[in-house]
Number of protein chains: 2
Amino acid sequence: MIARAPGLKALVASLIVVLAGSLSALAQEALPSWNDTAAKTRIMEFVKATTTEGQDGYVAPADRIAVFDNDGTLWPEQPYYVQLRFVLDRVKVLSPQHPEWKTKEPFKSILEGDLKGLAKGGEKGMVELVMSTHAGMTTDQFAKIVEDWFAKARHPKSGKPFDEMGYLPMRELLDYLRDNGFKTYIVSGGGVEFMRPIVEKAYGIPPEQVVGSTIATEYAIVGDVPVLKRIPKIDFVDDGPGKPAGINKFIGRKPIFVAGNSDGDYQMLRWVTAAKGPGFAMIVHHTDGQREYAYDRKSEFGRLDKALDEAERRNWLVVNMKSDWKKIYAFDQ
Amino acid sequence: MIARAPGLKALVASLIVVLAGSLSALAQEALPSWNDTAAKTRIMEFVKATTTEGQDGYVAPADRIAVFDNDGTLWPEQPYYVQLRFVLDRVKVLSPQHPEWKTKEPFKSILEGDLKGLAKGGEKGMVELVMSTHAGMTTDQFAKIVEDWFAKARHPKSGKPFDEMGYLPMRELLDYLRDNGFKTYIVSGGGVEFMRPIVEKAYGIPPEQVVGSTIATEYAIVGDVPVLKRIPKIDFVDDGPGKPAGINKFIGRKPIFVAGNSDGDYQMLRWVTAAKGPGFAMIVHHTDGQREYAYDRKSEFGRLDKALDEAERRNWLVVNMKSDWKKIYAFDQ
């Protein structure tokens, strides 16, 4: 019977968690940072329809998979991607060991602070730069580098650490979906191992629920200790058509809820909403130049063009940040 | 307030699940199909140590990741891998469309019922054959093919469908770990999309908790419907040194519990037990020729040699199926 004690303890703990979560949920209206506009109504109606047993659109809890792009959907991607900021810092840190970078692109531009040429490569180009500058260490070492970087990095506009830069309405949406039995995943063009150290704190998403771009790793024995070495080889680019492929590979269930903000999410939006049964897609439209950034069709980062053109006829919800969101960040007044 | 109703319903449902699970767990001793030998004691002591708060070896629930090889660890891999059985059937079904297979290896051997040459390629060779014969359809179509096959396939010795071929003591171990807050994953050399349709029923493991070999997929629009096509290109081989890499890629946390049965699990066993903090490794040793199969160092499938040599000095538990397990299958008398 002693062996059952942990089971009992776990039971009590989970009861407390379930009850506490439910009480706090009851104590407040869902999605408090959303204005009472059609966007909020549509989201809540979808959740109600898919979670009400007996209704036509009911979805069993196990199939309630919700996927979220990260850059520009959950946190800002302007003035440029958070991971690009990390890349630039890494290039600067490593440059003394690489004198050849002074004359070699893209390192030359980075060291000279010229980001125009870099940005032309788009999200995929950035991924490649990440791969070429972020290999040669073990996975544990890389996790430490990322954690140390996030501890010091600040967003240039707000001066806040990035785990506070998540859009509050999106964080509430994640919580709301989880309260309703959804399992929430990130599906990002960014590197899986760049996001994992921060997603729990920033979004309440555990590291195993991150789908993203990966570089190859290699098992090796170093001083009789087995490690995984990150090798300079792209394993998978989770962007554009790669996003449905990434979801299929990592999750293996078709999501019923998807949120994105750019044409890099277009294929994922189509794939989710074309599937049999319920499928809800939303696009975060960056319309608030004062509180955040205003951009879409012509942006170097997070260009939203084709997906915006097709949103209406495909019944994708376009969220207008300026009018649909009461607050952008938790630290906003 | 209407929008909160699903939350309440979900709360009640989860309370019922938690309570029912706990009562049924309390009603019976853990691991009933295990004999009262040192193996059972060691497993239970590890679980107690890692789940008892305040103890040195305590592990927070989120970090209680347990990974299980599939073939030979959770279900039989003799007389040959279940997935190879599927491959052979597929080759026969598809052969009328491929007259060239009559003279081309490895198809020729398969069509002639000669498996000796095939087996020499080992698990990796099998994965390659799977890749070359299982592409050209969408992921949805492939899932349907697999489901249809499992509905009819039977193990040659027992005549039972494969979802009943899981080793009962291992199924109990999975339940026991989950009762104690562990998250259980499969980490197999087999194909992810071959296992996913059956793992929930066979092991209580959801499809998103399967790490395995993958083939590449490609996003395509077919008649205005977005699909993922399986293309004949190996994406990842989750065997040997690939297993730690697969765990890192798909899960991103280091497991604290690992079970395997062959040298294909060796690197995964080492990686888990070399990590800082608690790490428990077990090897299922096939010693019961009467109730199951007896094999290790010389087997064509699931060869256990190096891992067996090193088990004692690395403190890996070697489970003796014959003496440690009361029953092998649920259908055993």
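The values are calculated or read from the model by the stated rules, or taken from the named source; none is laboratory data. Everything numeric here is computed off the predicted structure, so don't read it as measured data. Reconstructed Cβ throughout: ideal geometry from the backbone, glycine too, with neighbour counts over all protein chains shown.
For segment A:79-118: of the residues being polar (S, T, N, Q), touching a helix residue (DSSP H, G or I) at 6+ places or on another chain (Cβ under 8 Å) and at pLDDT 85 or above, which is farthest from residue A:294 (Cα to Cα)?
Result: A:95.
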Exercise. Output the qualifying pairs, or none if there are none: Cβ atoms under 6 angstrom, residues six or more apart or on different chains, first residue in segment A:36-61 and of a type in the set (A, V, I, L, M), second residue in a helix (DSSP H, G or I).
Key: A:39/A:324; A:44/B:3; A:59/A:50
Quiz item: Within segment A:234-258, how many residues are modelled with pLDDT under 95 and either out of contact with any helix residue (DSSP H, G or I) (no Cβ under 8 Å at 6 or more places or on another chain) or under 30 Å from residue B:310 (Cβ atoms) (or both)?
Solution: 1
Quiz item: Does residue B:213 count as closer than 19 Å to residue B:87 by Cβ and more than 10 Å from the chain's Cα centre (by Cα)?
Solution: yes
Practice problem: Could you name every one of the helices (runs of 4 or more DSSP H) located completely within segment B:226-326 that has at least 1 residues being among the hydroxyl-bearing types (Ser, Thr, Tyr)? | Solution: B:266-274, B:321-324
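Without any contact (Cβ under 8 Å) to a residue 12 or more places away in the chain, surrounded by fewer than 22 Cβ atoms within 10 Å (Cβ to Cβ) and more than 7 Å from chain B (Cβ to nearest Cβ), is that true of residue A:224? Break it down stepwise before answering.
Values: without any contact (Cβ under 8 Å) to a residue 12 or more places away in the chain: yes; surrounded by fewer than 22 Cβ atoms within 10 Å (Cβ to Cβ): yes; more than 7 Å from chain B (Cβ to nearest Cβ): yes.
Yes: the conditions hold for residue A:224.
From the list B:49, B:13, B:62, exactly one residue is farther than 30 Å from residue B:296 by Cα, outside any loop (DSSP other than H, G, I, E, B), within 11 Å of chain A (Cβ to nearest Cβ) and modelled with pLDDT under 95. Which is it? Break it down into steps so the answer makes sense when it comes.
On the way: B:49 fails: modelled with pLDDT under 95; B:62 fails: modelled with pLDDT under 95.
The match here is B:13.
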Practice problem: For segment B:171-188, state whether one or more residues are closer than 30 Å to residue A:267 by Cα, free of Cβ contacts under 8 Å to residues at least 12 places away in the same chain and within 12 Å of chain A (Cβ to nearest Cβ). | Solution: no
Practice problem: Answer yes or no: is there a residue in segment B:205-213 that is in contact with a Pro (Cβ under 9 Å, 6 or more places away or on another chain) and surrounded by 23 or more Cβ atoms within 10 Å (Cβ to Cβ). | Solution: no
Practice problem: Give the residues of segment B:230-241 that are touching a strand residue (DSSP E or B) at 6+ places or on another chain (Cβ under 7 Å), over 19 Å from residue A:141 (Cβ atoms) and within 9 Å of chain A (Cβ to nearest Cβ), sorted by residue number. | Solution: B:235, B:236
Practice problem: Taking residue A:157 as the residue in question, decide whether it is under 30 Å from residue A:288 (Cα atoms), among the basic types (Lys, Arg) and either surrounded by fewer than 17 Cβ atoms within 10 Å (Cβ to Cβ) or more than 10 Å from chain B (Cβ to nearest Cβ) (or both). | Solution: yes
Self-check item: Residue satisfying all of: in segment B:47-61; surrounded by 19 or more Cβ atoms within 10 Å (Cβ to Cβ) and in contact with a strand residue (DSSP E or B) (Cβ under 9 Å, 6 or more places away or on another chain); farthest from residue B:327 (Cα to Cα) among these
Solution: B:50
Quiz item: So how many residues does segment A:244-273 have that are of a type in the set (S, T, N, Q), touching a residue at least 24 places away in the same chain (Cβ under 8 Å) and either facing chain B (nearest Cβ under 7 Å) or out of contact with any Lys or Arg (no Cβ under 8 Å at 6 or more places or on another chain) (or both)?
Solution: 2
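Could you please let me know if residue A:41 is part of a helix (DSSP H, G or I), exposed (fewer than 14 other Cβ atoms within 10 Å of the Cβ) and modelled with pLDDT of 95 or more? Steps first, answer last, please.
Working: part of a helix (DSSP H, G or I): yes; exposed (fewer than 14 other Cβ atoms within 10 Å of the Cβ): yes; modelled with pLDDT of 95 or more: yes.
It is true that residue A:41 is part of a helix (DSSP H, G or I), exposed (fewer than 14 other Cβ atoms within 10 Å of the Cβ) and modelled with pLDDT of 95 or more.
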Practice problem: Could you run through segment B:65-95 and say how many residues are of a type outside the set (A, V, I, L, M, F, W, C) and within 14 Å of chain A (Cβ to nearest Cβ)? | Solution: 0
Self-check item: Given (1) more than 7 Å from chain B (Cβ to nearest Cβ); (2) modelled with pLDDT under 60, number of the condition residue A:18 does not satisfy
Solution: (1)
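Go through the residues of segment A:189-212 one by one and say whether even a single one is in a strand (DSSP E or B), farther than 22 Å from residue B:65 by Cβ and more than 8 Å from chain B (Cβ to nearest Cβ). Write out each step before concluding.
The initial filter retains those residues of segment A:189-212 that are in a strand (DSSP E or B), namely A:189-191, A:210-212.
Keeping just the survivors that are farther than 22 Å from residue B:65 by Cβ gives A:189-190.
Now restrict to residues that are more than 8 Å from chain B (Cβ to nearest Cβ): A:189-190.
Yes, segment A:189-212 contains a residue that is in a strand (DSSP E or B), farther than 22 Å from residue B:65 by Cβ and more than 8 Å from chain B (Cβ to nearest Cβ).
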